[in-house]
Amino acid sequence: MLAQPLPGDISTAAVIGAGLMGRRIAGVLARGGADVVLTDANPDILAEAVGVATEMAALGQTPGTVTSALTIAEAVAGVDYVTEAVIEDLAVKQELIAEVSALNEHAIIATNTSVLPVSQIAINATAPDRVVGTHWWNPPDLIPIVEVVRGEHTSEPTMQRTLALLEHLGKLAVRVDRDVPGFVGNRLQHALWREAIALVADGVCDAETVDLVCRNTIGLRLAKMGPIETADYVGLDLTRAIHQAVLPSLNTDATANAILTELIERGDLGAKSGQGFTSWPPGRREQAASELAAHVKNQLIPNSK
Ligand SMILES: NC(=O)c1ccc[n+]([C@@H]2O[C@H](COP(=O)([O-])OP(=O)(O)OC[C@H]3O[C@@H](n4cnc5c(N)ncnc54)[C@H](O)[C@@H]3O)[C@@H](O)[C@H]2O)c1
């Protein structure tokens, strides 16, 4: 146990769900000095995750410990901070948050949902004022931003303590003051994907061309200058004129594009099945993952804040 709590008055944490995200979030917490208990419904995943989080923690100057627990009750007993990173299923998360809030009457309870409303996830919590959204991006130790989302009942002290902890962990923690689906990042991202997929579905150009144009135009600029600053930079009069000309023809579908269902029903799921909009021969997925991680790392040095 630490003599001095970390910012946010937090010394101990539990991470529920030790998959892709949970194990690395646990690693970041322990690297920053918190004593972390990991748990997962699958004991094999849990054992592997403890190894990953322990290796990450060892990189810290005064790291905390990483241990595992086989039950949620054991994991959350007495800790100051709990984060869940279980599957993206509203009912599962609702049940889990209700259980955790009843088992631990003082901890902040964070949900790592990507798009589900935090207020809905907290609906059965005994103390929804302690429930907060913390949307980490993958890989959580590399991508700087964590979106800290205020649910309908999240208290200001819960927001402040969560922001203080995440900043201590080296994250760029940003406030999202309204609980809208997809928060900030995923709304922006999926507005772009909706249009990208519609361009292909409508036969405007092929899939390769969409990505080539995106990567070699806005993709080159976005890590340096965001859309709001760019609007100011090019001029709001020009921005208005462009919007008046182009917005009426942009895709506004409120449901997923039918081309996705057609591909999925054919068994074309993308990299995991070998074919999506484009072909994924063996090895392409692994190569894409390592090239992407290297590219992100290179961009972080000058642009981290
Ligand atoms: N993968 C991403 O890129 C990404 C990015 C940001 C946020 N998220 C969000 O993070 C969360 C986790 O995603 P992931 O990609 O790590 O998923 P994952 O499938 O890799 O891991 C989920 C883990 O939760 C465990 N689990 C499921 N139900 C459980 C329960 N009731 N109790 C204990 N353990 C349980 C599973 O055994 C699994 O190991 C999701 O809400 C997801 O939307 C994912």
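The values are calculated or read from the model by the stated rules, or taken from the named source; none is laboratory data. Everything quoted here is computed from the prediction, not taken from an experiment. We place every Cβ from the backbone using ideal geometry, glycine too, and count neighbours over all the protein chains shown. Ligands, DNA and RNA are stripped out before the accessible areas are found, and what is left, the full protein with its side chains, is counted by its heavy atoms. Shrake-Rupley method; radii C 1.70, N 1.55, O 1.52, S 1.80 Å.
Dipole size of the chain about its Cα centre, with +1 on Lys/Arg Cβ and -1 on Asp/Glu Cβ: approximately 760 debye, rounded to the nearest 20. Hydrodynamic estimate: the Kirkwood radius of region 4-57 over Cα pairs, inserted into Stokes-Einstein at 20 °C and 1.002 mPa s, corresponds to D of 197 µm²/s.
Compute the convex hull volume of the Cα atoms of region 176-282, divide it by the residue count, and report the result per residue in Å³ as a whole number. Intermediate results must be reported in sequence, preceding the final value.
Details: hull volume 16.9 nm³, N = 107.
It comes to 158 Å³ per residue, whole-number rounded.
Shape summary of region 95-196, radius of gyration then Dmax from alpha carbon positions: 13.6, 46 Å.
Near Thr67, the amide H atoms lying under 5 Å from its own belong to Val36, Val37, Leu38; only residues 5 or more places off or on other chains count, and H is placed 1.01 Å from N. Rounded to the nearest 10 degrees, the angle from helix 284-303 to the longest Cα principal axis of the chain is 80 degrees. Ordering of 256-262, 282-288, 25-31 by packing is 25-31, 256-262, 282-288, highest average first (other Cβ atoms within 10 Å, averaged per residue).
The packing ranking, built from the mean of other Cβ atoms within 10 Å per residue, places the peptides 204-212, 151-159 in the order 151-159, 204-212, highest first. Each of Met56, Thr67, Ala13 was placed along the dipole of region 12-81 (beta-carbon charges, centred on the mean Cα), and the one lying farthest toward the positive end is Met56.
For every helix of n ≥ 4 consecutive DSSP H residues, a contribution of -39,500 (n - 2.57) applies; sum these over the chain, divide by its total residues, and give [θ] at 222 nm rounded to the nearest 500 deg cm²/dmol. Intermediate values should be presented prior to the final figure.
On the way: 13 runs with 139 residues, N = 305.
Mean residue ellipticity at 222 nm (helix-derived): -13500 deg cm²/dmol.
For the chain, what class follows from the C-alpha gyration tensor (a ≥ b ≥ c being the square roots of its eigenvalues): rounded when a/c is under 1.5, otherwise prolate if a/b is larger than b/c, else oblate? Here the chain falls in the prolate category. Against the main long axis of the alpha-carbon atoms of the chain, helix 185-201 sits at an angle near 30°.
Projecting the Cα positions of Val37, Val149, Ala293 onto the charge dipole of the chain (unit charges on Cβ atoms of Lys, Arg, Asp and Glu, taken about the Cα centre) puts Ala293 furthest along the positive direction. Give the residue list of trypsin sites (Lys or Arg not before Pro) in region 213-265 that are DSSP loop and have at most 11 other beta-carbon atoms within 10 angstrom. Those satisfying the criteria are Lys224. Taking the C-alpha atoms only, the angle from helix 22-31 to the longest principal axis of the chain is near 60 degrees.
On average, how much accessible surface per residue is there in the chain, in Å², for a 1.4 Å probe, leaving out ligands, DNA and RNA?
That works out to 55 Å² for each residue.
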